[in-house]
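**Q** What follows is a single structure, and I will ask about it in a moment.
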Amino acid sequence: MQSHYPTQFAREMGCTADEFVKWLHAALTEFVWQCETSQAHVTVSNNGKSEGVLYLRWQVLPERRIALLRLPRLHVHYQFDGVADEVRTRFMQRLDLFMQRGGG
């Protein structure tokens, strides 16, 4: 988990678009948001007060192949508009917790 998140950044994630949207549904139950085919808009709120918007866009990348292993890849772009640094950090730390996957 990071201690600071810029207003715009991109990540490569090891998941399908369907998995990513399912994770968003789980993570964003407390927020107002809309999802389309390859993008979403989230109203970021703090104690019930709207603090701005997070725009998400994603694009499916070619799968990563390592020997016989095949991993899905998704390029996700995050853009915050009007969200204060501390609110953005708290929001992203919470979202990152929902997106974490462990192995073992």
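**Q** So how far apart, in nm, are the two label points at S38 and L61 if each is 7 Å from Cα heading toward Cβ?
**A** Result: 1.4 nm between the two label points.
**Q** Can I ask one more? Run lengths n ≥ 4 of DSSP H only: what is the helix-derived mean residue ellipticity at 222 nm for the chain, with -39500 (n - 2.57) per run over all residues, to the nearest 500? Numbers along the way, then the final one.
**A** Numbers: 2 runs with 26 residues, N = 104.
Per the formula, -8000 deg cm²/dmol.
**Q** What's the extension gain from A10 to Q79 if we count 0.36 nm per residue and subtract their Cα-Cα distance?
**A** 24.0 nm
**Q** Helix 17-27 versus the longest principal axis of the chain: what angle, 0 to 90°, nearest 10, using Cα atoms?
**A** The answer is roughly 40 degrees.
**Q** Please work out the Cα center distance from the stretch 1-41 to the stretch 42-104, rounded to the nearest Å.
**A** With the stretch 1-41 and the stretch 42-104 each reduced to a Cα centre, they are spaced 4 Å.
**Q** On C-alpha positions alone, give me the angle between the axis of helix 85-99 and the longest principal axis of the chain, in degrees, nearest 10.
**A** Result, in degrees: 30.
**Q** Which three extents, in whole angstrom, do the alpha-carbon atoms of the chain cover along their principal axes, largest first?
**A** For the chain, the Cα spread along each principal axis is 49, 29, 22 Å.
**Q** If you don't mind, another one. Under a 1.4 Å probe, what is the accessible area of the stretch 1-92 per residue, stated in Å²? If you can, show how the numbers build up before the last one.
**A** Working: 5700 Å² over 92 residues.
For the stretch 1-92, the per-residue accessible area is 62 Å².
**Q** Counting only protein heavy atoms and a 1.4 Å probe, tell me what percentage of the chain's accessible area is made up of carbon and sulfur.
**A** Numbers: 3230 of 6580 Å².
Ligands and nucleic acids excluded, carbon and sulfur reach 49 percent.
The values are calculated or read from the model by the stated rules, or taken from the named source; none is laboratory data. Because the structure is a prediction, the values reported are computed rather than measured. With ideal geometry, Cβ positions are generated from the backbone for all residues, glycine too; neighbour counts draw on all protein chains shown. Please note that ligands, DNA and RNA were not included when accessible areas were found on the heavy atoms of the full protein model with its side chains. Shrake-Rupley method; radii C 1.70, N 1.55, O 1.52, S 1.80 Å.
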